[in-house]
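> Can you read through this structure? Questions will come right after.
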Amino acid sequence: MFEALTDRLTDVFQRIGRKGRLTEQDVDEALREVRRALLEADVNYRVVKDFIAAVREQAIGEDVLRSLTPAQQVISIVHKELVRVLGSERVPLSWAPQPPTVILLVGLQGSGKTTQVAKLGQYLRKEGRQPLLVAADIYRPAAVEQLRTLGRQHDLPVYDEGTQAKPVDIVKHAIQLARERRYDPLIVDTAGRLQIDERMMRELEEIKAAVRPAEILLVADAMTGQEAVSVAEEFHRRLELTGLILTKMDGDARGGAALSIRSVVGVPIKFIGTGERVDALEPFYPERLATRILGMGDVLSLIEKAQQQISQEESERLQEKVLAGTFNLEDFLNQLQQIKRMGPLTQLLELLPGVGQALRQQQLQVSDDEYKHIEAIILSMTPEERRHPDIINFSRRRRIARGSGTSMAEVNQLLSQFKQMQRMMAQLGEMAGIGRRRGGLRGLLGGGNPLAGLGDGGLNALLGQRMVPGGIPPGPPARHPATQGAKPKAGKKVKKHKKKRQ
Amino acid sequence: MIFSRFFRRQTQPEPKLEAGLKKSRRGVFREIAALFERSEVNEKLFDDLEALLIQADLGVETTLALLDNLRQRVRREGIKDPAEAREALRDEMVTLLEEATRHRTVKIYQRGVPFVTLVVGVNGTGKTTTIAKLARYHQNQGRSVMLVAADTFRAAAIDQLKVWGERLGVPVISHAPGADPGAVVFDGMQAAFNRGVDILLIDTAGRLHTKYNLMEELKKIRRVIQRHVPEAPQEVLLVIDATTGQNGLVQARMFTEAAGVTDIAIAKLDGTAKGGIAFAIARELGTPISYVGTGENVTDLAEFDPETYVDALFFGDDEEA
């Protein structure tokens, strides 16, 4: 989508460029494209309207119009403004002055409350707390059982009274238990309800009055459309929400609902749910969501993941090897294993601007099982063979194929693609000597990052063609000169994050 | 519920209805109608319509296409009267949905030969509840029903289906949690044929359409079904949450590719959401919408009818509503 937005904006400005001067109308035309991108991301119509007005005011300044790259300039303003609206700072959970702290999760049916209760429990326990999960959804068939099961699976205590008790009593009793056994916090699962269901909303008000929760978090599905605002507004009016958990962010929904809720209701986004596993809960970073709403991919998360998994030393060593052209299969195996630690490949690729969309558009699928095959092949080689793939002759190939349970064709393919990759790396090395890196993934992941070799050249050559007909198109990121500009900035921002955390 | 009245119902609607619900729905319903009442046919009207349709989740593309058609008609037919323009828009919207409805396959129910419905969708759209409603719907038609709990992943999903099975007096075929869904489906198919039930409803785990492995699993389930009967599943029902935004389109596309979706059910239409994504799906993919879920009660399922849908959600024709 970012590609599309960049393209469309570039188009607009090129047309304008021929006239020699930019006018306010020109900027408006550009903003119409931005508006469309936001609407396609499910940002609420009214919010988009106000948002565009705010951006327009900034965009009409001289700087933008005279800039050599007005398209990026506009996107950068839009991005900045998005971050501002989303809330520039992370807001932590608040704690009751007197324990136990009660955290109430509310929301529509199917937004993911029960799962988030377990995730939050796990998350807070990792922070050294002793959470107690409370099953107060007595309506949905087997909701209590679901929480019990999750508790059992992850060794989290769950309080429930079956489905006959009143939710308000369940929560009260849970607090008593928590006081006795020093559980803190209580994380309460409530039944999904429509914001216009009077009786059910009253039930929540009763719970709130009875136990004074420190946090009332609205659990909202990232795929929600324009209704997100009405839902959040009504929940907020009745309960005064303290925050938002945005779920199902592991899909490809761009999550414009979050922006709508944040800007209309004003409550901060506290967490995002990124998968079905109980550890798939992450703190919220406004910049990343802004990037995603614009469809720019989540480069920051990717870089952070890489930095978590790959040491600086290791990465410098590898880069040297890449540039010197001595990168061998041993190093490659190393890289593969490091990437594997970062998470499922599809998820990683989704994080790259344009790649996720390209994958979907061309119906390309990347399966993590392919890792295993490559790994098995390389592991079936002797250390000597890994260092000098050239010595692998016919009989060695046959042995490797047998040893790894693959076919000779697969071994051949891996070897020939590795060779191709080496050639590309050699070119990269030459180029690095001459001047600046080219754009695209290589530039993106360059800068001392060992993933460099696995950029559009490496990853594509090696994994892509094996797994998917046609492979990951090396095109998208490189094709768009606009993505170049974003890279150095992304790097800087990550450093900032790091400092903050220290 | 008000909304359900617009649809052909199989059973008597529950009369309980909160006043607040009534009021809020009414407000939303009437917005478009009111717009035509107070405006002339001019660009301002088109702008306002655009806003309303986008806010109903029709999406930019579909909204613009609808309004383009309307503009052309207004010009061609020289429409000046807002009431006429209103009818024209209503027409356009109904036509859009009807065209997709034409793709609907004729459902042939044979006594004693299982008609297999595979129910799929992303997490939390209301698959299990829709299955319960479908079971009741078929029961009311005098068909025998069997359920298959092929969501072996989510905690207590099997229990949830079993609760429904008990309430409805319908057998549920299940394995232990974490079992292979293909195996459960295999057993379900066998049981359905041995016992000669009329309808076999298969509940699958919610899955995001971006998860390659899970989508492959759906293909496998399909293959397992087809090994029994090549023409099954006769119905592959994608359940979409009425509050879903533009992502619904991608969902429909991906599930159609992996599982061969034949019909769409819009669930949770009892809120204020208008399920406008149905229009986008109908326009882009031509997948027919066959059912709408309109409440939490097991009887709250209606067959989809384009005219009543458009009238109920956008034009509020019913005086009482």
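The values are calculated or read from the model by the stated rules, or taken from the named source; none is laboratory data. Just so you know, these numbers come straight off a predicted model, no measurement behind them. Using ideal geometry, Cβ is built from the backbone for each residue, glycine included, and neighbour counts are taken over all protein chains shown.
> Of all residues in the stretch A:273-289, how many are part of a loop (DSSP other than H, G, I, E, B) and within 14 Å of another protein chain (Cβ to nearest Cβ)?
6
> Another question, then. Here are some residues: A:I216, A:I245, A:I207. Which one is in the same structural domain as A:A280 (by TED's automatic domain parsing), over 27 Å from the mean Cα position of the chain (by Cα) and in contact (Cβ under 8 Å) with a residue 12 or more places away in the chain?
A:I207
> Can you tell me which of (1) more than 30 Å from B:G275 (Cβ to Cβ); (2) assigned to a helix (DSSP H, G or I) is the one A:F235 doesn't meet?
All conditions pass for A:F235, except number (1).
> Also, quick follow-up: Yes or no: B:L249 closer than 30 Å to B:E37 by Cβ, of a type in the set (A, V, I, L, M), touching a residue at least 24 places away in the same chain (Cβ under 8 Å) and out of contact with any His (no Cβ under 7 Å at 6 or more places or on another chain)?
Taking the combined requirement at face value, the residue does not satisfy it.
> Separate question: Looking only at residues in the stretch A:152-199 that are more than 22 Å from A:F235 (Cα to Cα) and in a strand (DSSP E or B), which one is farthest from the other protein chains (Cβ to nearest Cβ)?
Going through the qualifying residues, I end up with A:D184.
> A further question follows. In this structure, is B:A100 small (G, A, S), touching a strand residue (DSSP E or B) at 6+ places or on another chain (Cβ under 9 Å), surrounded by 12 or more Cβ atoms within 10 Å (Cβ to Cβ) and assigned to a helix (DSSP H, G or I)?
yes
> May I pose another question? B:L168 - would you say it is under 25 Å from the mean Cα position of the chain (by Cα), within 14 Å of another protein chain (Cβ to nearest Cβ), hydrophobic (A, V, I, L, M, F, W, C) and surrounded by fewer than 22 Cβ atoms within 10 Å (Cβ to Cβ)?
In short, yes.
> Looking at A:V144 and the list (1) in contact (Cβ under 8 Å) with a residue 24 or more places away in the chain; (2) closer than 20 Å to A:I207 by Cα; (3) within 11 Å of chain B (Cβ to nearest Cβ), which single condition is not satisfied?
Among (1) in contact (Cβ under 8 Å) with a residue 24 or more places away in the chain; (2) closer than 20 Å to A:I207 by Cα; (3) within 11 Å of chain B (Cβ to nearest Cβ), A:V144 violates only (1).
> Taking A:E282 and the conditions (1) more than 11 Å from the chain's Cα centre (by Cα); (2) farther than 16 Å from B:T210 by Cβ; (3) surrounded by fewer than 21 Cβ atoms within 10 Å (Cβ to Cβ), which numbered condition does it fall short on, given that it satisfies the others?
So the condition that A:E282 fails would be (1).
Yes/no matrix, rows are residues, columns are (1) polar (S, T, N, Q); (2) assigned to a helix (DSSP H, G or I):
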| site | (1), (2) |
| --- | --- |
| B:R136 | no, yes |
| B:R143 | no, no |
| B:Q160 | yes, yes |
| B:E166 | no, yes |
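> If I ask for residues that are at positive phi and within 12 Å of the chain's Cα centre (by Cα), which ones from the stretch B:270-301 would you list?
Hit for the stretch B:270-301 is B:G275, nothing else.
> What's the number of the condition A:L124 fails, among (1) of a type in the set (A, V, I, L, M, F, W, C); (2) closer than 22 Å to A:V265 by Cβ; (3) buried (at least 18 other Cβ atoms within 10 Å of the Cβ); (4) under 22 Å from the mean Cα position of the chain (by Cα)?
Going through the list (1) of a type in the set (A, V, I, L, M, F, W, C); (2) closer than 22 Å to A:V265 by Cβ; (3) buried (at least 18 other Cβ atoms within 10 Å of the Cβ); (4) under 22 Å from the mean Cα position of the chain (by Cα), A:L124 breaks only (2).
> Let me ask something else about it. Please specify each residue of the stretch A:315-352 satisfying the condition of being surrounded by 15 or more Cβ atoms within 10 Å (Cβ to Cβ), within 29 Å of A:I391 (Cβ to Cβ), under 28 Å from the mean Cα position of the chain (by Cα) and modelled with pLDDT under 75.
A:S315, A:L318, A:Q319, A:Q338, A:I339, A:K340
> Counting just the residues of the stretch A:219-237 that are within 11 Å of chain B (Cβ to nearest Cβ) and surrounded by fewer than 24 Cβ atoms within 10 Å (Cβ to Cβ), which one comes out farthest from the chain's Cα centre (by Cα)?
A:E234
> For the subset of the stretch A:93-121 comprising residues that are within 14 Å of chain B (Cβ to nearest Cβ) and in a loop (DSSP other than H, G, I, E, B), which member is surrounded by the most Cβ atoms within 10 Å (Cβ to Cβ)?
Only one residue tops the list, namely A:S111.
> Oh, and also: Could we say that A:L379 is outside the structural domain of A:A290 (by TED's automatic domain parsing), farther than 30 Å from A:R254 by Cβ and modelled with pLDDT of 90 or more here?
In short, yes.
> Something else now. Of all the residues that make up the stretch B:247-269, how many are on the phi < 0 side of the Ramachandran plot, within 14 Å of chain A (Cβ to nearest Cβ) and in a loop (DSSP other than H, G, I, E, B)?
Qualifying residue count, the stretch B:247-269: 1.
> Which ones in the stretch B:275-293 are assigned to a helix (DSSP H, G or I), within 11 Å of chain A (Cβ to nearest Cβ) and surrounded by 24 or more Cβ atoms within 10 Å (Cβ to Cβ)?
Hit for the stretch B:275-293 is B:I277, nothing else.
> Also, quick follow-up: With A:A136, A:A174, A:A178, A:A118 as the choices, which residue is under 28 Å from the mean Cα position of the chain (by Cα), within 16 Å of A:V102 (Cα to Cα) and touching a residue at least 12 places away in the same chain (Cβ under 8 Å)?
Exactly one residue qualifies, and that residue is A:A118.
> Something else now. Conditions first: (1) within 11 Å of chain A (Cβ to nearest Cβ); (2) crowded, with 24+ Cβ neighbours inside 10 Å; (3) not in a strand (DSSP E or B). B:T272 passes all but one, so which condition is the exception?
B:T272 satisfies every listed condition except (2).
> Next question, about the same structure. If you take the residues in the stretch A:244-258 that are under 22 Å from A:I103 (Cα atoms) and touching a Gly at 6+ places or on another chain (Cβ under 8 Å), which one is nearest to the other protein chains (Cβ to nearest Cβ)?
Per the criteria, the residue is A:K248.
> On the given criteria, is A:V134 crowded, with 22+ Cβ neighbours inside 10 Å and part of a strand (DSSP E or B)?
yes
> Here's a check for you: in the stretch A:40-55, which residue that is of a type in the set (G, A, S) and free of Cβ contacts under 8 Å to residues at least 60 places away in the same chain is farthest from the other protein chains (Cβ to nearest Cβ)?
A:A54
> Identify the single condition in (1) modelled with pLDDT of 90 or more; (2) surrounded by 16 or more Cβ atoms within 10 Å (Cβ to Cβ) that B:R76 does not satisfy, given that it satisfies every other one.
(2) is the only condition that B:R76 fails.
> Looking for something modelled with pLDDT of 90 or more, away from every other protein chain (no Cβ under 14 Å) and over 25 Å from the mean Cα position of the chain (by Cα) - is there at least one such residue anywhere in the stretch B:48-68?
yes
> Would you pick out the residues in the stretch B:256-292 that are within 21 Å of B:F115 (Cα to Cα) and in contact (Cβ under 8 Å) with a residue 60 or more places away in the chain?
Result: B:A259, B:V261, B:T262, B:D263, B:A265, B:T287, B:P288, B:I289, B:S290, B:Y291, B:V292.
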